[in-house]
1. For residue 31 paired with residue 61, estimate the spin-label separation in nm (one decimal), with each label point 7 Å from Cα along the Cα-to-Cβ line.
2. For a Förster distance of 35 Å, can you work out the FRET efficiency between the beta-carbons of residue 102 and residue 124, rounded to the nearest 0.05?
Amino acid sequence: MAICVVPCGFAGLTAARIDGALAAASDPVVAEADRLQGEYGEGPRWLPAGVDAVVCVVDTAADVRWPQRGQKVAALGLRSMLGVELSARSAGLRALVLYSPEPGWFGTGEQQMAVTVARNASVAIAAPT
């Protein structure tokens, strides 16, 4: 659903545990990008909860915050990333992560749409079944 609302190419939901695996992915390349966070100890997974509710990487190949992982993610064809923290931590999820093959893909409009999707997903996930 997220990649339909925020056209980007790839999406994933990360688990709340810092060592947790990806909860869901739109493509195996997203799972590989998530695995690289664990391998290098770099990436948005390692940010404390609530520090940056929205994390935008303009170009994974040039990002100075996570240089080793960034180069590997860029080599996978994922050139920009947008992560939005979910408020559904009680359901075991941490963030909605979107990727695009284009550097600089996520502008203000895309970020606002992603925040809306994340909020709606958090409500849906937390709702009793």
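1. 2.7
2. Efficiency, rounded to the nearest 0.05: 0.75.
Each reported figure results from applying straightforward, stated rules to the coordinates on display, with no laboratory input. Bear in mind that the values here come from a model prediction, so they are computed numbers and not experimental data. Virtual Cβ from ideal backbone geometry, glycine too; neighbours counted across all protein chains shown.
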